[in-house]
Each structure stands twice: as structure tokens, then as C-alpha cells.
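Some notes on the structure that comes next.
The values are calculated or read from the model by the stated rules, or taken from the named source; none is laboratory data. This is a predicted model, so every value here is computed, not measured. Neighbour counts run over all protein chains shown; Cβ positions are idealised from the backbone, glycine included. In case anyone asks, the SASA skips ligands and DNA or RNA and just uses the protein heavy atoms, side chains included. Shrake-Rupley method; radii C 1.70, N 1.55, O 1.52, S 1.80 Å.
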Amino acid sequence: MKHLLVAGLACTLLASPALAEGMSNAIGHSVRVTAGEQSFDAWFNADGSYSDSRGLTGTWTYEGQLCIQVMTETGPNENCGPWNESLTAGESWVTDGWSADGSALTVQIIAG
């Protein structure tokens with residue numbers, strides 16, 4: 001059992017740099033997501049952990065698209081959509097890739 005824990009930790013540590021590669025523009029910054037009159041701030045950590053100002057916590061992965069996995073009151077929830085790798089702190093981007101109904105939201109990286 002001890003060896004499994006060490007092996008799992010080693011895999012996590014080895015995967016972290018690759019995991020963060022496409023999301024390096026968000027790590028260390030707040031990411032503000034605005035849809036209409038509502039907004040929240042999200043934080044992506046290099047170890048794959050996620051949290052936001054709504055109180056949700058979980059994990060994230062990035063392999064060509066950003067996938068966020070959180071636990072909600074109704075159980076686990078995963079949402080995937082596009083991420084703009086070239087966005088820099090202070091810039092914003094509008095996308096409809098995160099909504100089922102095609103409504104747009106604005107993603108802004110706020111300097112750490």
C-alpha cells in the first residue's frame with residue numbers, strides 16, 4: 001500500500017508541469033468569468049486543483065480543452081470548453097464554447 005501511495009504521488013508530481021503547460025497564463029492569477037449580470041472568480045493551481053468565489057472546489061485538466069471537475073450539491077459535475085492559451089493578464093476573451101444554449105461569456109485574466 002505504501003508503494004502505491006508513493007507511486008501515485010510521483011505520477012502526480014511528474015504530470016504537473018505538463019498539466020499546467022496550456023494553462024500557464026491562468027496559474028497565479030484570478031480568472032474572472034462573466035455571463036450577463038453574474039460573475040465569479042476562479043483559481044487554477046499548477047497541481048491541478050481548482051477553486052472559485054462561489055465556493056466550488058475540485059480539479060482541472062487541459063488537453064486541447066479545459067475540463068473542470070467539481071462536487072456540487074447534486075453530485076460530481078464536469079464541464080469542458082475552450083481555453084485561450086494566448087490570453088495575458090489584463091486581457092479578456094468572449095466565447096460561447098461553455099454554454100449549452102450558445103450564450104456568450106467573458107473570460108478575463110486578472111493580474112495576481
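Things worth noting here:
- Selection count where residues are farther than 21 Å from L56 by Cβ, part of a loop (DSSP other than H, G, I, E, B) and out of contact with any Gly (no Cβ under 6 Å at 6 or more places or on another chain), scope region 66-94: 7
- Close contacts from region 19-41, counting a first residue that is touching a residue at least 40 places away in the same chain (Cβ under 8 Å) and farther than 19 Å from R54 by Cα and a second that is open to solvent by less than 40 Å² (accessible area, probe 1.4 Å) and not acidic (D, E), with Cβ to Cβ under 6 Å and a gap of 6+ residues or different chains, come to L19/G48; G22/Y62; M23/F44; M23/Y62; N25/L87.
- Single unsatisfied condition, G97 versus (1) closer than 17 Å to S24 by Cα; (2) open to solvent by less than 40 Å² (accessible area, probe 1.4 Å); (3) in a loop (DSSP other than H, G, I, E, B): (1)
Residues checked against (1) at pLDDT below 95; (2) surrounded by 14 or more Cβ atoms within 10 Å (Cβ to Cβ); (3) touching a Lys or Arg at 6+ places or on another chain (Cβ under 6 Å):
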| site | (1), (2), (3) |
| --- | --- |
| V31 | no, yes, no |
| T34 | no, yes, no |
| F44 | no, yes, no |
| S51 | no, yes, no |
| G58 | no, yes, no |
| I68 | no, yes, no |
| T74 | yes, no, no |
| W83 | no, yes, no |
| E91 | no, no, no |
